[in-house]
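Report on the following structure.
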Amino acid sequence: MIESREALHQTREEAKKVLDSYDCRILVCSGTGCIATGSEKIYEKFVEICKDAPGIFLEFAPHDTGEHVGVKKTGCQGICELGPLVRIQKKDKVIQYTKVQEDDCAEIFERSVLGDEVIESLLYKQKGISYQAPEEIPFIAKQTRIALANCGKFDAESLSEYIASGGFTAFTKALFEMTEDEIIEEVDRSGLRGRGGGGFPAGKKWKQVARQKETVRYVVCNGDEGDPGAFMDGSVMEGDPYRLIEGMMIAAYAVKASDGYIYVRAEYPMSVKRLRHAIAELERCGLLGDHIMGSDFCFHLHINRGAGAFVCGEGSALTASIEGNRGMPRVKPPRTVEKGLWEKPTVLNNVETFANVPQIILNGADWYRSIGTVGSPGTKTFSLTGAIENTGLIEVPMGTTLREIIFDIGGGMKDGGTFKAVQIGGPSGGCLTEEHLDVPLDFDSVKKYGAIVGSGGLVVMDEHTCMVEVARFFMSFTQRESCGKCVPCREGTKRMLEILEKIVAGKGELSDLDRLQELAEMVKSMALCGLGKSAPLPVLSTLKLFRSEYEEHITQHRCRAKVCEAMKRYVINPEFCRGCSKCAKNCPVGAISGQIKKCYHINPDICIHCGACKDNCAFDAIYIED
């Protein structure tokens with residue numbers, strides 16, 4: 001049991017000794033991405049090898065001879081594109097291996113664990129250069145990690161390793177050295193803004209809760225990360241659950257709340273599992289519950305699993321869901337800080353926001369403000385996906401440009417493609433193009449260009465992306481996820497989707513573009529909640545920046561990216577056609593005619609653009625006409 005500040009200090013010293021006792025630690029990435037590519041089997045293989053190896057000790061036990069080796073499951077190590085990832089840590093030396101397979105484990109153990117060799121073929125490579133240490137890899141070296149500082153470095157489930165890394169130092173400082181008002185003032189001075197997308201100052205939100213007359217208050221964490229292509233909050237919950245909890249504990253102490261809730265979407269089973277384990281460990285040792293560390297502070301933490309509704313990422317819908325009601329936004333005021341969960345004052349922040357709090361309390365507001373921009377201090381996590389060389393999880397100072405993220409950190413466009421646009425902020429965001437590559441990414445700057453930072457999803461697109469289809473995809477998502485409470489969102493998004501589907505089907509009219517613009521502006525101005533108001537942003541931004549593509553779809557029945565099925569024109573090249581008739585035999589509608597050993601022909605009036613002919617041509621004679 002950790003019943004005092006002194007007991008925590010002693011526990012930390014003991015945990016550090018345990019960490020220092022290892023001759024080598026094998027750190028296997030166990031984030032969702034690497035698990036999907038087989039990291040669990042790699043972990044089991046390393047455990048099996050170590051158990052069978054003579055002179056190897058796997059337990060936390062004194063040893064006089066042989067190696068003391070630890071095989072650990074870490075959180076996301078970041079370079080998701082190159083998983084499964086394994087780090088070999090020997091004292092101050094760390095080797096980052098990528099694309100590790102089961103067959104590689106024995107060689108890694110023999111050469112890098114027992115020996116001091118580096119396996120060149122498994123190292124990260126960029127532009128012909130190999131990188132050994134994680135901090136040397138451009139993808140990681142150019143980042144500044146606060147919320148993700150521990151991810152990939154420690155056992156994600158180990159409380160002792162979190163404490164050894166400095167965990168709960170900030171909480172004890174807040175509990176024993178600061179008043180509630182001083183804590184709130186420090187967070188407010190830091191300029192920390194909500195990382196869930198709204199960017200509302202966290203300190204101001206805490207102040208509003210603290211000054212309410214109602215004494216029953218709650219702290220709620222929004223872990224309902226529903227944006228397509230976003231996985232930042234999930235990675236924090238999986239990779240460093242104790243940091244999130246410590247941030248919530250500091251918030252709860254500051255606003256005098258005795259209960260907290262973490263709302264996690266059902267699609268994050270690993271997050272739920274590790275959070276439950278972390279809560280149980282903290283309750284077991286007395287860091288959660290009644291009279292924490294001998295103080296008067298009592299705090300109990302609960303987990304609620306959402307059913308996967310995107311709208312439950314909105315504050316009032318989220319609290320309604322926790323209460324057991326249908327997740328639907330309500331009219332404001334009153335706001336969550338006044339009447340939130342069970343109509344009590346509630347601090348509601350997202351995962352990343354809470355994960356920043358411990359370092360702010362530990363290092364001070366001035367330190368935090370030295371990172372990022374004046375209006376948006378600190379760092380921001382982004383999930384980097386799409387047509388880019390290195391997809392993965394990154395954390396950079398606010399104000400970092402798209403050019404730095406895509407070309408310096410992300411390694412540039414995949415397969416030498418041409419940058420076309422990036423969708424930022426998910427279905428609630430907008431597109432930025434080449435002219436915006438040097439725009440600083442912070443809450444205020446991107447708004448000028450019809451986009452929002454949002455929760456931090458970045459989907460990079462190249463010349464093979466159809467921007468009309470992008471708008472249709474995101475509108476399909478938001479229309480499907482609309483709770484249906486307000487008419488502008490329920491009906492407006494449906495009508496917008498119908499127009500977009502009409503255009504990609506090759507049946508659009510130029511008047512549809514004006515109607516689409518009008519509907520988008522209406523939904524943006526009249527929808528009930530923030531999600532509804534931001535739903536039209538992908539349409540508005542693509543209409544503004546890529547109107548010519550919309551017009552080509554309508555007037556020329558042409559999709560320059562060759563994505564929209566209805567506009568694909570399949571043509572047979574007579575120079576390559578051998579007259580084998582395979583295309584005609586596989587055409588489901590009989591659109592192909594010709595004679596054996598002579599060039600066949602596709603009738604465009606009958607063709608349904610299914611692509612079966614192209615897929616079955618053995619001579620690459622069928623292509624899509626520009």
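Which whole number in µm²/s is D for the stretch 263-339 by Stokes-Einstein, with the Kirkwood Rh taken over Cα pairs at 4 °C and 1.567 mPa s? D = 91 µm²/s. The stretch 1-44 and the stretch 286-300 have their alpha-carbon centroids 24 Å apart.
Taking the alpha carbon gyration tensor of the stretch 543-626, multiplying each eigenvalue by 5 and rooting it gives semi-axes of 28, 12, 10 Å, largest first.
A helix-only calculation puts the chain at -10500 deg cm²/dmol for mean residue ellipticity at 222 nm, using -39500 (n - 2.57) for each DSSP H run of at least four residues, averaged over all residues. The relative contact order of the stretch 435-533 comes to 21 percent, based on Cα pairs under 8 Å that sit 6 or more residues apart. Size descriptors for the stretch 316-462 (Cα atoms only): Rg and Dmax, in that order, 17.9, 54 Å.
Couplings 3J(HN,Hα) of the stretch 568-585, computed from phi: 7, 10, 7, 10, 9, 7, x, 6, 9, 5, 9, x, 7, 6, 4, 5, 5, 5 Hz, in residue order, whole Hz [Karplus 6.51 cos²θ - 1.76 cosθ + 1.60, θ = phi - 60°; x for Gly and Pro].
Estimated from the Cβ-Cβ distance and a Förster radius of 25 angstrom, the FRET efficiency linking SER130 and ASP20 is about 0.25. The mean sequence distance of close C-alpha pairs (under 8 Å, at least 6 residues apart), as a share of the length of the chain, puts its relative contact order at 11 percent. Shown here are the Rg and Dmax of the Cα trace of the stretch 195-278, at 13.7, 41 Å.
Protection proxy ranking, highest mean first, for peptides 167-175, 611-619: 167-175, 611-619, where packing is the per-residue count of other beta-carbon atoms within 10 Å, averaged. Size of the stretch 215-331: Rg and Dmax of its alpha carbons, in Å, are 14.3, 44.
For ASP20, the solvent-accessible surface with a 1.4 Å probe is about 110 Å², rounded to the nearest 10.
Can you give me the % of accessible surface on the stretch 292-372 that is carbon or sulfur? Probe 1.4 Å, all protein chains present, nothing else counted.
Details: 1430 of 3100 Å².
Result for the stretch 292-372: 46 percent of the exposed heavy-atom area is carbon or sulfur.
Straight-line reach from LYS582: taking Cα to Cα under 27 Å and skipping same-chain neighbours fewer than 8 places apart, the lysines in range are LYS562, LYS568, LYS597, LYS598, LYS614. Could you tell me which of rounded, prolate or oblate describes the stretch 210-258, using a ≥ b ≥ c as the square roots of the eigenvalues of the alpha-carbon gyration tensor, with rounded for a/c under 1.5 and, failing that, prolate when a/b is larger than b/c and oblate otherwise? Oblate. Note on the stretch 472-626: semi-axes of the ellipsoid equivalent to its C-alpha gyration tensor, largest first and rounded to whole Å, are 41, 15, 11.
Round to a whole number: what % of the accessible area of the stretch 402-526 belongs to carbon and sulfur, probe 1.4 Å? Carbon and sulfur atoms account for 50 percent of the accessible area of the stretch 402-526.
The label point for GLU6 and the one for LYS173, both projected 7 Å from the Cα toward the Cβ, are 2.3 nm apart. Rounded to the nearest whole angstrom, the semi-axes of the ellipsoid equivalent to the stretch 518-573, taken from the Cα gyration tensor as √(5λ), stand at 32, 11, 8, largest first.
Distance from the Cα centroid of the stretch 196-258 to that of the stretch 531-587 is 44 Å (rounded to whole angstrom).
Per the Debye formula on identical point scatterers at the alpha carbon atoms of the stretch 146-190, with no solvent, log10 I(q)/I(0) at q = 0.33 Å⁻¹ is -1.11. Placing a label point 7 Å from the Cα of TYR623 along the Cα-to-Cβ direction, the residues of the stretch 556-578 whose backbone N falls under 17 Å from that point are 559-563, 568-578.
Determine the shape class of the stretch 71-166: with a ≥ b ≥ c the square roots of the Cα gyration tensor eigenvalues, call it rounded for a/c under 1.5, and otherwise prolate if a/b is greater than b/c, oblate otherwise. It is oblate, given that a/c is not under 1.5 and a/b is not larger than b/c. Per-peptide packing, taken as the mean over residues of other Cβ atoms within 10 Å, places 545-552, 28-35, 439-446 in the sequence 28-35, 439-446, 545-552 from highest down.
The simple spin-label model puts a point 7 Å past each Cα toward its Cβ; for ALA266 and ARG403 those points are separated by 4.6 nm.
DSSP bridge analysis restricted to the chain gives an antiparallel fraction near 55%, rounded to the nearest 5. The local environment of VAL351, defined by Cβ-Cβ distances under 12 Å, has a net charge of -3 under the rule Lys, Arg +1 and Asp, Glu -1. Would you kindly calculate the translational diffusion coefficient of the stretch 281-322, applying Stokes-Einstein with the Kirkwood radius from alpha carbon pairs, for 10 °C and a viscosity of 1.306 mPa s, and quote it in µm² s⁻¹ without decimals? Approximately 129 µm²/s, per Stokes-Einstein. Using a simple spin-label model with pseudo-atoms 7 Å out from Cα toward Cβ, GLU498 and ARG326 lie 2.2 nm apart. Here the average projected area of the convex hull drawn through the C-alpha atoms of the chain stands at 31.1 nm². Need the C-alpha centroid separation for the stretch 453-469 versus the stretch 596-626, integer Å. One Cα centre to the other: 31 Å. Selection among PRO228, ILE572, MET293 by position relative to the dipole of the chain gives ILE572 as farthest towards the positive end (Cβ unit charges, Cα centre).
The values are calculated or read from the model by the stated rules, or taken from the named source; none is laboratory data. Remember, predicted model here, so these are calculated numbers, not experimental data. Cβ sites come from the backbone with ideal geometry, for glycine too, and all protein chains shown count toward neighbours. Accessible surface is based on the protein model in full, side chains and every heavy atom, while ligands, DNA and RNA are left aside. Shrake-Rupley method; radii C 1.70, N 1.55, O 1.52, S 1.80 Å.
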